[in-house]
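No value in this document is a laboratory result; all are computed from the given coordinates. Bear in mind the structure is a predicted one, so any value in this text is a computation, not a measurement. As a convention, Cβ positions derive from the backbone with ideal geometry for all residues, glycine included, and neighbour counts pool all protein chains shown.
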Amino acid sequence: MSWTFAQNADAEEVQAFLQQREWECASLTGRLKHGAAVRIPAAATARLALRRENGAIRQVLYMSKNGFLIPYLPGLAPMDAEEALALREIFFAAGGTLTILVGLTRYTEIFALWTNLRPMVSLDYYLMKADTLPPQENFAEAPRLEIRRAREKDFRALYPLQEAYEREELLINQSDFDSDKTRKELKLMLRNHLVYCASCGATIIAKGGTNARGFTCDQIGGVFTLPEFRGRKVARLLMRRLLCAIFAESKMACLFVKKRNLPALRLYGSLGFRIVENYRISYF
């Protein structure tokens, strides 16, 4: 029941394991996927740990050097002392740095409990997934929109929306906003992900896209509409276009949404998403 660090030879088996229920771990597969296969990360950037039972992978733990952790721990009992010790040992062998813990709530709880680490704050979400779109609707009240895939040339117009999204949805303290980091990540997103934007006239008023692209499932994030255009079906029309692009690749879609965000829950429910799990992000 020990943990070991993954080697390049484990890549194919890791991929097969994660693909079984990829909507539960799209953030993880999105970090490991390179082309059509998993690439085991270099130790200088991140460590991937595996726990096997009877020779088969049963759990996976992703640990980046800057302390971003994703535990994927199906089947672990919550109070097994031997497992707790093994999990602590592999965590500290990888450097023992923890800043953000992301994943299904029950797995983040197990990790925090067994490593005896207490978060500064935790945010709770519903994990939702969809694999088909409901029938198209007509919205007479929607503004005249151009909805299209965003490209790198749209960076300047999209940056204010990305900053507003992060300040509204992600930041615990507004002083933590890092403009350089946001700029870098937005450029990478426009280069590597499906990002769609909605324009009214010459102004981009809404955006949304994938933030993790897996083998069978794409994770959606960063959905944001300027406040003055909310309640006018803009996000629903944009999301339909994004979902059509995802489903055209024979994938399903997943996302996580704050449990108290009732407008977003209604929106995603109307687009065919259903709640499948509890999801948590903890900050240390």
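With a ≥ b ≥ c taken as the square roots of the eigenvalues of the C-alpha gyration tensor of the range 53-178, please select rounded if a/c is under 1.5 and otherwise prolate if a/b is larger than b/c or oblate if it is not? Mind dumping the intermediate values first?
Numbers: a/c = 2.65, a/b = 1.81, b/c = 1.47.
Prolate, since a/c reaches 1.5 and a/b exceeds b/c.
Based only on other Cβ atoms within 10 Å, what is the fewest-to-most ordering of Arg151, Arg260, Arg51?
Details: Arg151 12, Arg260 9, Arg51 20.
By the 10 Å Cβ count, ascending, the order reads Arg260, Arg151, Arg51.
Which residue fluctuates the most in the chain, going by a Gaussian network model with Cα springs under 10 Å, if the choices are Arg47, Arg88, Arg266?
Fluctuation is largest for Arg266.
Using the Cα gyration tensor of the range 129-277, with a ≥ b ≥ c the square roots of its eigenvalues, what is the shape: rounded (a/c below 1.5), prolate (a/b larger than b/c) or oblate (neither)? Walk me through the numbers on the way to the answer.
Values: a/c = 1.32, a/b = 1.19, b/c = 1.11.
Rounded shape, in that the Cα axes give a/c under 1.5.
Using only Cα atoms and rounding to the nearest 10 degrees, what angle (0 to 90) does helix 234-247 make with the longest principal axis of the chain?
Roughly 50 degrees, rounded to the nearest 10.
Against the longest principal axis of the chain, how steep is helix 81-93, in degrees 0 to 90 to the nearest 10, with axes from Cα atoms?
With rounding to tens, the tilt is 70 degrees.
On full extension of the chain, what length is gained from Ala248 through Ser2, given 0.36 nm per residue of separation minus the C-alpha to C-alpha distance? Could you put the intermediate results ahead of the total?
Working: separation 246, 0.36 × 246 = 88.56 nm, distance 4.10 nm.
Full extension of this stretch gives 84.5 nm more.
Just how far, in whole angstrom, is the range 58-130 from the range 215-256 if you go by their alpha carbon centroids?
28 Å
Report the label-to-label distance for Ala43 and Asp178 in nanometres (one decimal), using points 7 Å from each Cα along the Cα→Cβ vector.
Between Ala43 and Asp178, the simple spin-label model gives 2.5 nm.
Taking neighbour Cβ counts within 10 Å as the exposure measure, how do His193, His34 sort from fewest upward?
Details: His193 19, His34 11.
Listed from fewest to most nearby Cβ atoms, that is His34, His193.
Pop the C-beta distance of Arg21 and Ala81 into the FRET formula with R0 = 30 Å and round what comes out to the nearest 0.05.
Values: r = 27 Å, r/R0 = 0.91.
Efficiency, rounded to the nearest 0.05: 0.65.
Only Cα pairs under 8 Å and at least 6 apart count here; give the relative contact order of the range 56-205 as a rounded whole percent. Show your work: numbers first, answer last.
Details: 124 pairs, mean separation 29.6, N = 150.
Computed value for the range 56-205: 20 percent relative contact order.
Is the shape of the chain best called rounded, prolate or oblate, per the rule: a/c under 1.5 gives rounded, else a/b larger than b/c gives prolate, else oblate, with a ≥ b ≥ c the square roots of the Cα gyration tensor eigenvalues?
Working: a/c = 1.91, a/b = 1.76, b/c = 1.08.
Prolate shape, in that a/c is at least 1.5 and a/b is the bigger ratio.
Would you look at the GNM of the chain, springs on alpha carbons closer than 10 Å, and say which of Asn54, Asn66, Asn192 moves the most?
The residue that fluctuates most here is Asn54.
What's the ranking of 100-111, 155-166 by average number of surrounding C-beta atoms within 10 Å, highest first? Display every interim value, and only then the final one.
Values: 100-111: 21.1, 155-166: 16.4.
Highest to lowest by the protection proxy: 100-111, 155-166.
Stretched out fully, how many nm does the piece from Glu152 to Glu185 gain, at 0.36 nm a residue minus the Cα gap? It would help to have the intermediate numbers written out before the result.
Numbers: separation 33, 0.36 × 33 = 11.88 nm, distance 1.19 nm.
Length gained between Glu152 and Glu185: 10.7 nm.
I want to verify a result. In a Gaussian network model of the chain, Cα cutoff 10 Å, which of these has the top mean-square fluctuation: Phe256, Phe68, Phe177?
Of Phe256, Phe68, Phe177, the most mobile in the Gaussian network model is Phe177.
FRET efficiency for Glu169 and Arg230, Cβ-Cβ distance as r, R0 = 22 Å, nearest 0.05? Each step should come with its number before you reach the end.
On the way: r = 14 Å, r/R0 = 0.62.
That pair, Glu169 with Arg230, gives E of 0.95.
Estimate the FRET efficiency between Thr203 and Asn54 by the formula 1/(1 + (r/R0)^6), using the beta-carbon distance for r and 41 Å for R0, to the nearest 0.05. Working shown, then result.
Numbers: r = 59 Å, r/R0 = 1.43.
So the FRET efficiency works out to roughly 0.10.
Quick one: angle between helix 105-115 and the longest Cα principal axis of the chain, in degrees between 0 and 90, rounded to 10, please.
It is inclined by approximately 40 degrees.
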